[in-house]
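Q: I'd like to ask you about the structure that follows.
The values are calculated or read from the model by the stated rules, or taken from the named source; none is laboratory data. This is a predicted model, so every value here is computed, not measured. Neighbour counts run over all protein chains shown; Cβ positions are idealised from the backbone, glycine included.
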Amino acid sequence: MVKVRRRGLPLVTAALLAACRSDSAGIVTPPVTPPAQNPDTIPLRSLAALRGLRVGAAIDRGFRFIGAEGTQFRATFTREFSMLTPENDMKHDRIHPARATYRFEASDSLVAFAQANGMLVRGHTLVWHQQLARWLTSTTWTTAEASTLLTQHVADIVSHFRGKLSAWDVVNEPLADNGALRAGFWLDNVGASYIELAFRAARAADPDVALYINDYNIEGLSPKSDSMYALVQRLVARRVPITGVGFESHYVVGGLPTRNDLATNLARYGALGLKVQITELDIRLRLPSTAEQLQTQAQNYRDVFGVCLQSPACNAVVTWGVTDRESWVPSTFPGWGDALLFDTSFVPKPAFRSVYALLAGR
Ligand code: G3I
């Protein structure tokens, strides 16, 4: 039997790849395999599995596409990806709309969909300064009350999904752009200990799920990324149950950290015994896109996947959406878009091709 090395792929032949239906991590090629838009025989997720990597996507608006659009979206997603992050359905205001009310329907159905299609799920997100329900933010609480509300929220939600998720973004975006702890409901009402409280409550509710701290502009080397590293070092020193760090990775084309900085930053978390996942990758450009921009974007995607592949600490890359049709970018940055691997017609872009070639050892 031919052995496939986990990372330094010894030129995997098409014949070998064609023979692979599942990998050691249990990624099963999904049943929905229309020849569709990717003419290559092997789905991206299967190629990635051979390298010990999960390739994921955030899901929200794409699952509201109906008719042929919906069918094509789901076929593309299930064929190429092996990890699902609910883009919005697990956020506080959606999942906990009143103090005594949890709404799990939407996220339960995403989790069931992922399970049915051999995907892992990253839970997103338990403690964040945004998208908090009004019942929480419109009342004044004592420190003790706010602490109890935080631990209760985390405990209830993590317990609900216990055994079903591979990871949680426990604390999301705790740092301001200058690297200080970001002001917001939890810091203001609980104090700096809210981070530690959240991780301990999550671990108590699920002994196995991986627990991440997640933020943006911490991927390269910068004052903010040093602050994140220092924060994580402190958590590790205090034996807070943290598994790893999520590098959001929302980029502008051509504006990424250097490969070297990204690799150096990844390595220092690896040296702490932690994992890193690329959790929200997208690379936006100014519309309308040009062939040149799309080529730069393709190289940028290849660089991010390449650095992750070469780092033993990095085991997943999640893009923030599947196609340019449902990405959050155009509504938030008018005039910008085309940030993902598939275009608005579900056609794989140069970025997809370059990531595919990388994972195929080309
Ligand atoms: O679903 C409602 C819809 O019913 C309503 O008609 C419409 C009117 O505004 O709003 C819809 O909800 C919007 C939701 O996206 C779904 O489209 C919210 O208003 C909007 O605020 C929300 O934005 C999300 C944003 O986080 C804030 O939660 C984006 O989709 C989502 O991509 C973005 O994701 C964040 C990560 O969680 C954390 N890191 C940064 C990343 C990008 O900002």
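Q: Of everything in segment 88-139, what is at positive phi and among the small types (Gly, Ala, Ser)? Give them in sequence order.
A: First, pick out the residues of segment 88-139 that are at positive phi: 118, 131.
Within segment 88-139, Gly118 is the sole residue that qualifies.
Q: Of all residues in segment 306-362, which are aromatic (Phe, Trp, Tyr), more than 14 Å from the ligand (Cβ to nearest atom) and surrounded by fewer than 24 Cβ atoms within 10 Å (Cβ to Cβ)? Working first, answer last.
A: Kept after step one, since they are aromatic (Phe, Trp, Tyr), are these residues of segment 306-362: 320, 328, 333, 336, 342, 346, 352, 356.
Restricting the remaining residues to those that are more than 14 Å from the ligand (Cβ to nearest atom) gives 342, 346, 352, 356.
Those that are aromatic (Phe, Trp, Tyr), more than 14 Å from the ligand (Cβ to nearest atom) and surrounded by fewer than 24 Cβ atoms within 10 Å (Cβ to Cβ): Phe346, Phe352, Tyr356.
Q: Which pairs have Cβ atoms under 7 Å, sit 6 or more apart or on different chains, and link a residue in segment 305-323 that is more than 19 Å from Ala210 (Cα to Cα) and among the β-branched types (Val, Ile, Thr) to one that is modelled with pLDDT under 95 and within 16 Å of the ligand (Cβ to nearest atom)?
A: Sorted first by the residue in segment 305-323, then by its partner, the pairs are Val322/Gly62; Thr323/Gly62.
Q: Another question, then. Report, by residue number, each residue of segment 48-77 that is away from the ligand (no atom under 16 Å from the Cβ), more than 22 Å from Met90 (Cβ to Cβ) and out of contact with any Asp or Glu (no Cβ under 7 Å at 6 or more places or on another chain).
A: Of everything in segment 48-77, those that are away from the ligand (no atom under 16 Å from the Cβ), more than 22 Å from Met90 (Cβ to Cβ) and out of contact with any Asp or Glu (no Cβ under 7 Å at 6 or more places or on another chain) turn out to be Ala48, Arg51, Gly52, Leu53, Gly67, Ala68, Glu69, Thr71, Gln72, Ala75, Thr76.
Q: Name the residue, out of Leu231, Leu266, Leu235, that is part of a helix (DSSP H, G or I), within 20 Å of the chain's Cα centre (by Cα) and either touching a residue at least 12 places away in the same chain (Cβ under 8 Å) or surrounded by fewer than 16 Cβ atoms within 10 Å (Cβ to Cβ) (or both). Show your work before the answer.
A: On the way: Leu231 fails: within 20 Å of the chain's Cα centre (by Cα); Leu235 fails: within 20 Å of the chain's Cα centre (by Cα).
Just one listed residue meets the conditions, Leu266.
Q: Taking segment 79-95 as the search range and keeping residues that are more than 14 Å from the ligand (Cβ to nearest atom) and farther than 18 Å from Lys164 by Cβ, which one is surrounded by the fewest Cβ atoms within 10 Å (Cβ to Cβ)?
A: Filtering segment 79-95 for residues that are more than 14 Å from the ligand (Cβ to nearest atom) and farther than 18 Å from Lys164 by Cβ, the one surrounded by the fewest Cβ atoms within 10 Å (Cβ to Cβ) comes out as Arg79.
Q: I'm trying to understand the selection: among the residues of segment 138-147, which are hydroxyl-bearing (Ser, Thr, Tyr) and loosely packed, with under 14 Cβ neighbours inside 10 Å? Spell out how you get there, then give the answer.
A: Going through segment 138-147, the residues hydroxyl-bearing (Ser, Thr, Tyr) turn out to be 138-140, 142-143, 147.
Matches in segment 138-147: Ser138, Thr139, Thr140, Thr142, Thr143.
Q: Could you please tell me which pairs satisfy a Cβ distance under 7 Å, a separation of 6+ or placement on different chains, a first residue in segment 103-117 that is farther than 11 Å from Phe161 by Cβ, and a second residue that is in a helix (DSSP H, G or I)?
A: Final answer for the pair search is Arg103/Arg94; Arg103/Ile95; Ala106/Arg94; Asn117/Thr78.
Q: Would you confirm whether any residue within segment 132-146 is part of a helix (DSSP H, G or I), under 26 Å from Ile213 (Cα atoms) and of a type in the set (S, T, N, Q)? Explain how you work it out, then say what you get.
A: From segment 132-146, those part of a helix (DSSP H, G or I) are 134-137, 143-146; that's our starting set.
Subset that is under 26 Å from Ile213 (Cα atoms): 134-137, 143-146.
Right, trim to of a type in the set (S, T, N, Q) and you get 137, 143.
Checked segment 132-146: at least one residue is part of a helix (DSSP H, G or I), under 26 Å from Ile213 (Cα atoms) and of a type in the set (S, T, N, Q).
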